[in-house]
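Undergrad: The structure follows.
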Amino acid sequence: MNYKPLLALLSGALMSAHAWSAPEYIADVDITSFDGTVLDANLFVPETPAPAGGYPTVIFTNSWGLEKHQYHFQAKEMAENGYLVLSYSTRGFGQSEGLVDVAGDNSLSDVGVLIDWLEANYPVGKLGMAGISYGGGISLLSAAKHPRVDAVAALSGWADVIEALYPNETVNLVWGTLLVTSAFHKEAELEQVWSDLRSGQNLEQVTQFGAQRSAVSYVDEINQNGTAVLLSNNFADYLFKPNSMTDFYSLLEGPKKLMLNPGTHAITETLTGNNGHIWSTSFRWFDHHLKGENNGIDTEPKVDMTVRISNKLEQFEDYPVTEESTTWYLQPRFTLFNTARMDSDKYDGWSWTNEFHGGADTFAGTGIPLVSDALEGFGIPVYAPMIAINGYYAIEYKSPVQWETLKIRGEPKLEMWVEPSKEEVQLNLHLYDVGPLGLGRLITHAPITLHSEQTGKKQKIEVELFTTSYDVPAGHRVFLAIDTQGYVYQKPEDTNYTISVPYSSSKVSSLTVPHL
């Protein structure tokens, strides 16, 4: 039997179907906003007729420093699947006019104009917004301001601007500088806010600036609008840490989904492509909430966590993912070369004091800023030799050997008594997985800066380390290494200080680790 005519017929039919479904691409669309600012956009229009109720529609918003072409491949795939897709450059970026206002009133009003323009020119059905980083933040804020936004996919977005740039009252120097210097057409207020934050001045105004641009300030409006919200953040994202996003997720009352992934800010979403877990889940989110497809995403577990290093995907019903935890109590060290212990029993010996000092960094750290964070997404951890950490400038504590795999999931918490010698001091907390050879792999970290504290007064600090998902292998220990400097954060102007750590039955310090 000759199969060639049949194959040719099938090939022709497939090619015809593909050509018929290819969307129309309009490369340049100028849309005039409320104040006369012209926004640069592009548009994919499905070739198929609009369904009853209009096209499911998605607006893509660019990341900081990028523009309307950022999501070309995602937009094209969605248009081939029947979506009307508008991608635009936010004011001040790309070919759009105006000045960057960091998701301020002008940028959010622009979104309303874009929705009006779409509805005036095309049959628009349910509408969603999506974006990475800056685009994710604007998408969340738009969900609060514009009830017409039915669903959102906020990838590497933020819920709290101040927490991003000033975690535990510590200036996020690397990321803040990168943001300010990479926006070439920005409102003067941004430079002033950054200057005030770095100098510790006008912090009330800085906080107000951040609150106006933080989705957590408008969670009631999002809940009232009933917006379906998908959130995705990365463990080594030291700009928009997952902590504030998990808190924000817990406040949402409508349909919601949370994805927590290895890697750094915006890189994981970008490099995994359309078929990666983040984008494929985002597409399914819109298919269900905008197109009405019964694809099961509404009945699946709400929380996806991918374990660091192994990249194993786990799913949980909600966040926090576990109520189990282990608490270790900090014990004193007896020399600068001695690693102190963390035990399950509280310290009840003689009163004791340890000291470590500011003035120098140590081998405890987060690696090369931006580079090491990105490599973690490929399963390459940040290493540190524990024996090389200078005991004059740091203090270390080690847990008992873990005879079974310790599956850390969530936010470790440190409660610690300290006595600073100066009014401003900084602590950088690092949690490591350490094997028999003494080489540590970074599990998570967090900074804290104490300002205008009473010099020479014992005080208790409480610090939530950054959200993590990490498996400590059997036979390894957990190490807590604390020093006073890190490449990512701005250090105090005067680093010649001493941190004293008191131990007594009434001054008990502890580390609590959540785990499965």
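Undergrad: Just checking, which of Ala41, Ala52 is surrounded by fewer than 16 Cβ atoms within 10 Å (Cβ to Cβ) and aliphatic (A, V, I, L, M)?
TA: Ala52
Undergrad: Restricting to region 107-120, name every residue that is over 17 Å from Gly82 (Cα atoms) and of a type outside the set (Gly, Ala, Ser).
TA: Result: Leu108, Asp110, Val111, Val113, Leu114, Ile115, Asp116, Trp117.
Undergrad: Looking at Ser142, Ser133, Ser87, Ser156, can you tell me which residue is on the phi > 0 side of the Ramachandran plot and in contact with a helix residue (DSSP H, G or I) (Cβ under 7 Å, 6 or more places away or on another chain)?
TA: Ser156
Undergrad: Cβ-Cβ below 8 Å, separation at least six or inter-chain, first residue in region 425-438 and over 19 Å from Leu414 (Cα atoms) and among the acidic types (Asp, Glu), second at pLDDT 95 or above and part of a loop (DSSP other than H, G, I, E, B): which pairs?
TA: Short answer, once both residue conditions are applied: none.
Undergrad: While we're here: Buried (at least 21 other Cβ atoms within 10 Å of the Cβ), in contact with a Phe, Trp or Tyr (Cβ under 6 Å, 6 or more places away or on another chain) and more than 23 Å from Phe334 (Cβ to Cβ): which single residue out of Thr468, Thr366 fits that description?
TA: Just a single option satisfies the conditions, and that option is Thr468.
Undergrad: What residue, of Ser232, Ser310, is closer than 26 Å to Leu370 by Cα, among the small types (Gly, Ala, Ser), in a strand (DSSP E or B) and outside the structural domain of Asp373 (by TED's automatic domain parsing)?
TA: Ser232
Undergrad: Shifting gears a bit: Please enumerate the residues belonging to region 341-394 that are part of a helix (DSSP H, G or I) and over 18 Å from the mean Cα position of the chain (by Cα).
TA: If the condition is that a residue be part of a helix (DSSP H, G or I) and over 18 Å from the mean Cα position of the chain (by Cα), then Met386, Ile387, Ala388 are the ones that fit.
Undergrad: Separate question: Look through region 395-417, keep the residues that are outside any strand (DSSP E or B) and in contact with a Lys or Arg (Cβ under 8 Å, 6 or more places away or on another chain), and return whichever of them is surrounded by the most Cβ atoms within 10 Å (Cβ to Cβ).
TA: Within region 395-417, the match that is surrounded by the most Cβ atoms within 10 Å (Cβ to Cβ) is Ser399.
Undergrad: Same structure, new question: Looking at Thr495, Thr512, can you tell me which residue is surrounded by fewer than 19 Cβ atoms within 10 Å (Cβ to Cβ) and within 29 Å of the chain's Cα centre (by Cα)?
TA: Thr512
Undergrad: Identify, please: which residue in region 82-114 is among the β-branched types (Val, Ile, Thr) and crowded, with 20+ Cβ neighbours inside 10 Å and is, among those, nearest to the chain's Cα centre (by Cα)?
TA: Here the residue is Val102.
The values are calculated or read from the model by the stated rules, or taken from the named source; none is laboratory data. Note that this is a predicted model, so its numbers are computed, not measured. Glycine also receives a Cβ, built like all others from the backbone with ideal geometry; neighbour counts cover every protein chain displayed.
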